[in-house]
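Some notes on the structure that comes next.
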Amino acid sequence: MQVPLLDLRAQYAPMKEEILAAVAEICDSQRFILGDKVETLEKELADYCQSGAAVGVSSGSDALLIALMAEKIRPGDEVITTPFTFFATVGAIVRAGAKPVFADIDPVTFNIDPAKIAEKITPKTRAIIPVHLFGQAADMDPIVKIAKEHNLFIIEDACQAIGAEYKGKRVGSFAQYGAFSFFPSKNLGCFGDGGAVSCDTAERAQLLKIYRNHGQSKTYIHEYVGGNFRIDALQSAILSIKLRSLDSWSAARQKNAAIYRELFAAAGLTDQITLPQLAAYDVRHIYNQFCIRVKDGKRDALKQYLLDNGVGCAVYYPLSLHLQECFKELGGKPGDYPESEKASAEIMALPVFGELSKDQLEYVVATIAKFFGK
Ligand SMILES: *Cc1c(COP(=O)(O)O)cnc(C)c1O
């Protein structure tokens, strides 16, 4: 049996005609840049994310960057974030000219630990970027409290977590900004690159729209140095169609996660692996990834065994960001962020996308059981 880590073809099939018709309409109009398809998507996203507004941009990476630029982040400023995230979170801070400052993670959720943030605040701190990793919300209440106390702004990196909830409220709506990615492997993926920024006020949305268009407030009149951070009309039209099915896809992922929990419990593998744990606070986890921990240094061997037996799997992320070559100047050393380093040594993502069959889930668990001689 083959179980890919992700296969989007089954998701596409039932909406193929509708999407191709929308694409054809835009091709016939030959209007590709901004316009009503983008504006429609922005309204739908603000609604879905329970945020004041949303602005479509070129990618999740640029969503993070443009929010930092709109806040006039400058050299010398510090931005606190997690060392256990996709590279883009920290890359955006450096691209904006600021200094990333890491705070270690909570080993239960893999998300930034609010108590560790408090220790890292200095007079230079300007912002906090919590990441809702794998589709589970970070602990926002204490993070918002710290930000208010120190007059910091927050960008929620919700690139893996569209529709995820914290205490009944959608991510991207807790403070000033939320960054979303429509990279194809995210829960809401477009047909290439795309992203969005959610924000709390119409004024912020207006400023973001100026920044995404080279800081141009009127045609060829540049108020700021922004960039080309626009989302395409084609991607926006596709996303509007796909957004209508997002909740059913996230529900199918949750169902698969629940099936895994039953199968793993029945297989008696709890001494060898740890299943993804839910936070102590109330969450809606949307399972962009289903990440297990593999104990006793067996992660890489299990990964190879699964790949050899037709099960797709991947390590998100194998190297804590404070140890990356490109951030050497920040002076990070092994041992600085023990929970992040431990997670990067133990973690492994299993296939969880909605169209997997029960047989496939059973095969994944049976293959892992076989590896451990069960
Ligand atoms: C995917 C992702 C990004 C970047 O999004 P792109 O659209 O690929 O640029 C940023 N942060 C996190 C946590 C992500 O998973």
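The values are calculated or read from the model by the stated rules, or taken from the named source; none is laboratory data. Computed from a predicted structure; not experimentally measured. With ideal geometry, Cβ positions are generated from the backbone for all residues, glycine too; neighbour counts draw on all protein chains shown. Only protein heavy atoms, including side chains, enter the accessible area calculation; ligands, DNA and RNA are left aside. Shrake-Rupley method; radii C 1.70, N 1.55, O 1.52, S 1.80 Å.
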TODO: All but one of (1) more than 10 Å from the ligand (Cβ to nearest atom); (2) surrounded by fewer than 17 Cβ atoms within 10 Å (Cβ to Cβ) hold for ASN187, so report the exception by its number.
DONE: (2)
TODO: Check off (1) part of a helix (DSSP H, G or I); (2) among the aromatic types (Phe, Trp, Tyr); (3) assigned by TED's automatic domain parsing to the domain that holds HIS132 for TYR305 and give me the number that stays unchecked.
DONE: (3)
TODO: Look at segment 106-128 and say how many of its residues are touching a strand residue (DSSP E or B) at 6+ places or on another chain (Cβ under 8 Å), within 26 Å of ALA257 (Cβ to Cβ) and outside any loop (DSSP other than H, G, I, E, B).
DONE: 1
- [ ] State the number of residues belonging to segment 156-184 that are open to solvent by less than 10 Å² (accessible area, probe 1.4 Å) and among the basic types (Lys, Arg).
- [x] 0
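This table checks each residue for (1) more than 15 Å from the ligand (Cβ to nearest atom); (2) more than 24 Å from the chain's Cα centre (by Cα); (3) over 30 Å from PRO130 (Cβ atoms); (4) at pLDDT below 95.
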position	(1), (2), (3), (4)
GLN2	yes, yes, yes, no
ALA24	yes, yes, yes, no
ASP28	yes, yes, yes, no
ILE33	yes, yes, yes, no
THR40	yes, no, no, no
GLY60	no, no, no, no
LEU65	no, no, no, no
LEU68	no, no, no, no
PHE86	no, no, no, no
Task: Residue ranges of helices (runs of 4 or more DSSP H) in segment 198-294 with at least 3 members without any contact (Cβ under 8 Å) to a residue 12 or more places away in the chain - done: 246-267
- [ ] Return a yes/no flag: does segment 323-331 have any residue that is in contact with a helix residue (DSSP H, G or I) (Cβ under 7 Å, 6 or more places away or on another chain), of a type outside the set (A, V, I, L, M, F, W, C) and outside the structural domain of ALA13 (by TED's automatic domain parsing).
- [x] no
Open item on the list: For the structure I just gave you, tell me whether ILE143 is within 14 Å of the ligand (Cβ to nearest atom) and either of a type outside the set (Lys, Arg) or out of contact with any His (no Cβ under 8 Å at 6 or more places or on another chain) (or both).
Closed with: no
